[in-house]
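One structure is given below, encoded as structure tokens.
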Amino acid sequence: MALIKDGKLADDLYVTLADDVDLPVDCQAVIISAERWLTEGAAIAKQSDQVGVLLQPGQSPDLIADDLDKISVVAVNFPVFSDGRGFSHARRLRENFGYAGEIRATGHLIRDQYLFLHRCGFNAIEVADEAMAKQWQVAMDEFSMFYQNTVDDRMPLMRARHPNMDSAETGQ
Amino acid sequence: MYRYDEFDHAFVNQRVTQFRDQVDRRLDGELTEDEFKPLRLMNGLYLQLHAYMLRVAIPYGVLSSSQLRQLAHIARTYDKDYGHFTTRQNIQYNWPKLKDVPDILRDLAAVEMHAIQTSGNCIRNVTADHYAGVAADEIEDPRVYCEIIRQWSTLHPEFAFLPRKFKFAVSGAHQDRAAVKLHDIGIYMRRNDDGEIGFEILVGGGQGRTPMIAQTICEFLPKQHLLSYLEAILRVYNESGRRDNKYKARIKILLYATGVDEFRRMVETEWEQIKDRNYDLPDVEMQRILTYFAPPNYETLDGTQRDFEVRKFEDREFGTWVKHNVAGHKKPGYAIANISLKPVGGIPGDATSEQMDYVADLADQYSFGEIRVSHRQNLVLPDVKQSDLYDLYKALCRHGLAVPNHGTATDIIACPGLDYCSLANARSIPVSQRLSERLHEIRASHDIGDMHLNISGCINACGHHHVGAIGILGVDRRGEEYYQITLGGSAFEDASIGDIIGPAFSSDAVVDAVETIITTFLGLRENDERFIDTYRRIGLKPFKETLYGTD
Amino acid sequence: MTLQIVTANRLTDGAVVYYGADHTWSQWIADAVVSDGSSDAGSTLALAKADAFTNGIVEPYLVDVYREAQTIKPVRYREAIRARGPSIYTGSKHRMPVSNTAVQSTATTAFQNGL
């Protein structure tokens, strides 16, 4: 496994804990399930200042919306690549809840989804091996035109087409 | 019509490059079929029974003459010289080779077309009233908003992996010619009490295994909020639609489970959070798209063209063609001409490259170079001067394109069925051909009025059988092709799902069964009633009795 | 006893192919290796699958067939249509109706009776 974060290979500081495994004594950074966060989150946050939460596709970000300032990573799992609920989770975290921490995609994803992930607010992804980092970059560069306005910093065509439009006109 | 700017061109070319790389990797063995399949499907490429099938998007059914010529060129160069127009206003090629598909997509890109999102669990090609912009009963041209939705939905990053496919239809007219109520999201343009024009938004219509009529979740949405409101609906669906069973994954099932009021609440809650977040188009961009749909340079003409009226009287065949195939236009002196792709005994929706080229020429000559594809699998010339209709008719006659059956019983919708489709349970086209011949004979001696006869080769209902006044569904009964008949369906503003009349008929018996239904109808019809009206008045029972006996 | 053959589609053009002797793939059903008995068919399918990727063949599967007058015929009509091609006309010639109403009917008879 390897972690791509902000477009580069990065050391994964986090250990993902199964629900029945106790918090290791020397562990600095952990990712726990949303269920565990809701029951033990407060206690675990006292032992570690880097606590991440893993959302499954059926778990709405609403579950942790009030706690986001205490959560340093939200990992969103994709059990199969065709289950696209995680894309909406990421957008709601970034846009509706203003979450600025790491949003990490885990699970079964295909290269052709990387750009979509990034556009929806994911800034990290767990991949099978380090070679995939290159694939990430290829995927980022495949398109330079985007029709929708999302959270990323890519200029949507509705604005790119009107470079002289002032901010009042754009509603920004 | 909409024209690509430099950005749209760059976008589709990047898409072609991406797919060419994917095909190369597949042919080199770098990608397995499991890995390649989702990628080809996202570009409209299916593997069917005998060959690949490429489905090309015709956005809201609007084509320029140069685009139609390019479709003809593709048929001639890469396929078997014909194409099949579908109930989604698209065209399908049934015999492309894998290595040629990137070149086909390149040729399409050259005329501002593509095959993006013609398959897969994403937002599909938006369909519209094929009379959009020219209909006499129109509130406003819906193509502007179709184009806005097309752009917004193209490679939308959040909605590329929905629970299931997702279909939009938009109508700007009082009469619904776009089967709006049979779509995941249907949109009617409406004028409110203050005279402003906005949208009525309907959700949860669809055919397939569980046919349902869409329900209104918003009576009047101001235009500027269109995209944010759609985004809210799609987000609710993406997060809450079922993914455990593909037959229960469409939005109609979610809407049915929550009820319309709860669904509306979920959408509005989401919308409240995002409506001011710049998802909607700025005014300048709306205006930019709007300008592309400015009306062509119509001449100022008299509403009654004397020559035209005389011709109808003198040439009765022309008069018959006008009666069935010509519709009223919003501009005085102009008309909408429907070109039937339903010759008696022919294959519904098929057109040869020669016919496509020819229609393109006629569009240049008589209709400002524009053509429409209807969801009933016919072509339309939207802007013909009444005084040109006779010449147009004569020209169409020379190429077998003047069949005067638009909207009649032989104007049959049929899906490709088991002759091509790997999902089908039974063949559709041969049954439609035999029915068309029989119905043509019946029509020769009886006026049976307008009626819609739709045939699907499986429960996915691509042939819209649920909403045919007479619907026919092919099923596999113990290894034999059987055909189940439904009566009373409608795809219009009075949309209804047909009722199953009884046990299915064999392939040999189904044509006789339809004749029995029509004979029964003729016996019980009052005045000039349409079939659907007679059926609604008298119900299933009389038809059941004549078909199956009274026991 | 159920007789079975292996069929698939060819990667380059999607054409229907059948698994024949000596690891070959043929467009003709007559060339197919016929297995009788499920273990025999299972091993033929395994061989075909192993061959498929290198030979540019997509998703091999087993089809039930029977023999009639020395020829192999699929049991299900879906497979009969795959073996013969569409039962309708698939070209562009002679599509033009001579009048507005009549077009030559290419619909039905021979093929249908053949099933």
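The values are calculated or read from the model by the stated rules, or taken from the named source; none is laboratory data. In this text the structure is predicted, and so the values were computed from the model without any measurement. Note: ideal-geometry Cβ built from the backbone for every residue, glycine included; neighbour counts use all protein chains shown. Surface areas here come from the heavy atoms of the whole protein model, side chains and all, with no ligands, DNA or RNA. Shrake-Rupley method; radii C 1.70, N 1.55, O 1.52, S 1.80 Å.
Brief remarks follow.
- Taking the criterion of being in contact (Cβ under 8 Å) with a residue 40 or more places away in the chain and open to solvent by 10 Å² or more (accessible area, probe 1.4 Å), the residues of segment B:1-23 that qualify are B:Met1, B:Tyr2, B:Arg3, B:Tyr4, B:His9, B:Asn13, B:Arg15, B:Val16, B:Arg20.
- Within segment B:482-510, the set of residues being buried (at least 19 other Cβ atoms within 10 Å of the Cβ), of a type outside the set (Phe, Trp, Tyr) and not in a loop (DSSP other than H, G, I, E, B) comprises B:Gln484, B:Ile485, B:Thr486, B:Leu487, B:Ser490, B:Ser496, B:Ser507, B:Val510.
- The residues on offer are B:Gly349, B:Gly303, B:Gly259, B:Gly319, and the sole one that is surrounded by fewer than 20 Cβ atoms within 10 Å (Cβ to Cβ) and within 24 Å of B:Leu401 (Cα to Cα) is B:Gly319.
- Inter-residue pairs, beta-carbon under 9 Å, first on the phi > 0 side of the Ramachandran plot and in segment B:95-112, second assigned to a loop (DSSP other than H, G, I, E, B), 6+ apart: B:Glu112/B:Tyr2; B:Glu112/B:Arg3; B:Glu112/B:Tyr4
- B:His73 part of a strand (DSSP E or B) and not assigned by TED's automatic domain parsing to the domain that holds B:Asn338: no
- Residues of segment B:43-62 satisfying the condition of being surrounded by fewer than 22 Cβ atoms within 10 Å (Cβ to Cβ) and either aliphatic (A, V, I, L, M) or assigned to a loop (DSSP other than H, G, I, E, B) (or both): B:Leu47, B:Gln48
- Checking each residue in segment B:405-432 for being more than 14 Å from B:Asn454 (Cβ to Cβ) and among the aliphatic types (A, V, I, L, M) picks out B:Leu418, B:Leu423, B:Ala424, B:Ala426.
- Note on segment B:197-207: residues that are outside any strand (DSSP E or B) and open to solvent by less than 10 Å² (accessible area, probe 1.4 Å) total 2.
- Hey, B:Asp194 without any contact (Cβ under 8 Å) to a residue 24 or more places away in the chain and either part of a loop (DSSP other than H, G, I, E, B) or among the small types (Gly, Ala, Ser) (or both) or not: yes
- Of all residues in segment B:25-42, those that are touching a residue at least 24 places away in the same chain (Cβ under 8 Å) and either among the hydrophobic types (A, V, I, L, M, F, W, C) or open to solvent by 30 Å² or more (accessible area, probe 1.4 Å) (or both) total 3.
- Restricted to strands (runs of 3 or more DSSP E) entirely inside segment A:25-85, those with at least 2 residues that are over 30 Å from B:Lys165 (Cα atoms) and either open to solvent by less than 30 Å² (accessible area, probe 1.4 Å) or touching a residue at least 12 places away in the same chain (Cβ under 8 Å) (or both) are A:29-33, A:50-55.
- Selection count where residues are in a helix (DSSP H, G or I) and either open to solvent by 10 Å² or more (accessible area, probe 1.4 Å) or among the hydroxyl-bearing types (Ser, Thr, Tyr) (or both), scope segment B:76-101: 5
- Those residues of segment C:1-23 which are of a type outside the set (Gly, Ala, Ser), open to solvent by less than 70 Å² (accessible area, probe 1.4 Å) and either farther than 23 Å from B:Ser422 by Cα or in contact (Cβ under 8 Å) with a residue 60 or more places away in the chain (or both), in sequence order: C:Leu3, C:Gln4, C:Ile5, C:Thr7, C:Val16
- Search result, residues across segment B:238-249 that are open to solvent by 40 Å² or more (accessible area, probe 1.4 Å) and either more than 8 Å from chain A (Cβ to nearest Cβ) or small (Gly, Ala, Ser) (or both): B:Ser240, B:Arg242, B:Asp244, B:Asn245, B:Lys246, B:Tyr247, B:Lys248
- Scanning segment B:284-296 for residues that are without any contact (Cβ under 8 Å) to a residue 12 or more places away in the chain and either more than 14 Å from chain A (Cβ to nearest Cβ) or open to solvent by 70 Å² or more (accessible area, probe 1.4 Å) (or both) yields a total of 3.
- Reported count of residues in segment B:9-36, each being within 11 Å of chain A (Cβ to nearest Cβ) and not acidic (Asp, Glu), is 14.
- Put simply, of B:Gly463, B:Gly479 the only residue that is outside the structural domain of B:Phe85 (by TED's automatic domain parsing) and surrounded by fewer than 22 Cβ atoms within 10 Å (Cβ to Cβ) is B:Gly479.
- Summed over segment B:25-44, the residues that are out of contact with any helix residue (DSSP H, G or I) (no Cβ under 6 Å at 6 or more places or on another chain) and farther than 13 Å from C:Gly56 by Cα give a count of 8.
- Taking the listed residues A:Met165, A:Met145, A:Met158, A:Met140, the one that is at pLDDT below 95, open to solvent by less than 50 Å² (accessible area, probe 1.4 Å) and more than 11 Å from chain B (Cβ to nearest Cβ) is A:Met140, with no other qualifying.
- The residue pairs whose first member lies in segment B:155-183 and is within 14 Å of another protein chain (Cβ to nearest Cβ) and in contact (Cβ under 8 Å) with a residue 24 or more places away in the chain, whose second member is basic (Lys, Arg) and not in a loop (DSSP other than H, G, I, E, B), and whose beta carbons are closer than 6 Å, counting only pairs six or more residues apart or on different chains, are B:Glu158/A:Arg91.
- Criterion: away from every other protein chain (no Cβ under 11 Å), in contact with a helix residue (DSSP H, G or I) (Cβ under 9 Å, 6 or more places away or on another chain) and in contact (Cβ under 8 Å) with a residue 60 or more places away in the chain - qualifying residue of B:Ala351, B:Ala360: B:Ala360
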